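A.B. asks: Quick one: structure below, then a few questions.
Read-outs throughout are calculated quantities, based only on the coordinates presented, and are distinct from any laboratory measurement. Just so it is clear, the structure is predicted and the values come from calculations on it, not from any experiment. For neighbour counting, all protein chains shown are included, and Cβ atoms are generated from backbone atoms with ideal geometry for every residue, glycine included.
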């Protein structure tokens, strides 16, 4: 017969068995996610990132954990956040924009980093070449700076009477600004357009640039690329509405915030590619062996309501080719 004390001992042992079995399970890998932006406004691209992980066989909370670090437009916090992820010994860092990638590169030479950048990753010093990255970094290049001439053509199609075009760029991000202007200037000359380059790298400078556009009565605005402008998209859209200046943006997130028109690589698809690469690295691939991939999905988005407010008739050709028309 089992005594009361023996019975309690058996129960205690049985309760311990699941704990012991759980302790023997391999630890769930952890991805460090690093962005200079706010979470707000990036829900859909984040779903793309998780989709990429799923394509590689990883589901958040099931067989992979993700540590999120959002700098909330305070880029000076990125080095600290990157070091924190390294300290936590994450298996891979997904650096979702160029400033984050630079911070991750400075923080570790051993942990794999998968970046997402709109500028030239070779020129920025992230990799030694696109085909053979070398080191511990690889990622996605989504051509933010190389589409300026295409955007100019679309803007002219929407605003055919525009002859004097403002171009707003961030001088602090030369790796995007220089190729943007290099791509844009010959296209403008060929079309007989006057380009007025304005610089802004702070909230106050953005406001001053729009004041100049209003004072000079420039016909339209083409916005440059970069995470700083993306973080200020609400301010940019509101000022464009206040000064009634037709503006071409670089991504759909601006149009969703009320902007007129945008053309650029799909952020959702680019983040999906980052997730897929992170998953491959978790499976054992080395970043040095994974070539930098380039975005192949581009989106034209138009805000029909913004066009009506500006008194613009959107040509049927643009409506037919648009990936999204917001009513």
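A.B. asks: Can you give me the Rg/Rh ratio for the stretch 66-123, using Cα atoms for both radii and the Kirkwood formula for Rh?
C.D. replies: Reported Rg/Rh, Kirkwood definition of Rh: 0.93.
A.B. asks: Can I ask one more? Would you mind putting 288-294, 247-253 in packing order, based on average other-beta-carbon counts within 10 Å, highest first?
C.D. replies: 247-253, 288-294
A.B. asks: So how tilted is helix 4-23 from the main axis of the chain? Cα-based, degrees 0 to 90, rounded to 10.
C.D. replies: Around 40 degrees separate the two axes.
A.B. asks: Another question, if that's okay. Which percent, nearest 5, of DSSP beta bridges in the stretch 19-107 are antiparallel?
C.D. replies: The antiparallel fraction comes to roughly 0 percent.
A.B. asks: How big is the stretch 193-267 by Rg and Dmax over its Cα atoms, in Å?
C.D. replies: Over the stretch 193-267's Cα set, Rg and Dmax evaluate to 11.5, 34 Å.
A.B. asks: Okay, moving on. So for the chain, Kirkwood radius off the Cα pairs, Stokes-Einstein at 4 °C and 1.567 mPa s: how many µm² s⁻¹?
C.D. replies: Diffusion coefficient, whole number: 60 µm²/s.
A.B. asks: Just to confirm my numbers, what's the Cα centroid distance between the stretch 102-158 and the stretch 202-256 in Å?
C.D. replies: Computed from Cα coordinates, the inter-centre distance equals 24 Å.
A.B. asks: Just need the relative contact order of the chain here, percent rounded to a whole number, with Cα pairs under 8 Å and 6+ apart.
C.D. replies: 21 percent
A.B. asks: On the Cα set of the stretch 58-177, report Rg and Dmax in Å, please.
C.D. replies: Rg, Dmax (Cα atoms, Å): 17.8, 57.
A.B. asks: Tilt of helix 233-242 relative to the longest C-alpha principal axis of the chain, in degrees (0 to 90, nearest 10)?
C.D. replies: With both axes taken from Cα atoms, the answer is about 20 degrees.
A.B. asks: Here is a further query. With each label point set 7 Å from Cα along the Cα-Cβ vector, what nm distance links residue 106 and residue 122?
C.D. replies: In this crude spin-label approximation the distance works out to 2.5 nm.
A.B. asks: Any chance you could check the Cα centroid distance between the stretch 40-79 and the stretch 296-324 for me, in angstrom?
C.D. replies: Between the Cα centres of the stretch 40-79 and the stretch 296-324 lies a distance of 30 Å.
A.B. asks: Right, next: Just the C-alpha atoms of the stretch 257-298: what Rg/Rh do they give, with Rh taken as the Kirkwood radius?
C.D. replies: Expressed as Rg/Rh, it is 1.15.
A.B. asks: Where is the GNM fluctuation largest for the chain (alpha-carbon springs, 10 angstrom cutoff): 236, 126, 312?
C.D. replies: Largest GNM mean-square fluctuation: 312.
A.B. asks: Taking only Cα atoms, what is the 0 to 90° angle, nearest 10, from helix 98-107's long axis to the longest principal axis of the chain?
C.D. replies: Between helix and principal axis, roughly 40 degrees.
A.B. asks: Report, to two decimal places, the Cα Rg of the stretch 179-314 normalised by 2.2 N^0.38 Å (N = number of residues).
C.D. replies: That works out to 1.25 for the stretch 179-314.
A.B. asks: Oh, and also: Which whole-percent values make up P(r) of the stretch 119-168 when all C-alpha to C-alpha distances are grouped in 5 Å steps starting at zero?
C.D. replies: Taking every Cα pair in the stretch 119-168, the percentages come to 4, 17, 20, 14, 10, 10, 10, 8, 5, 2, 0.
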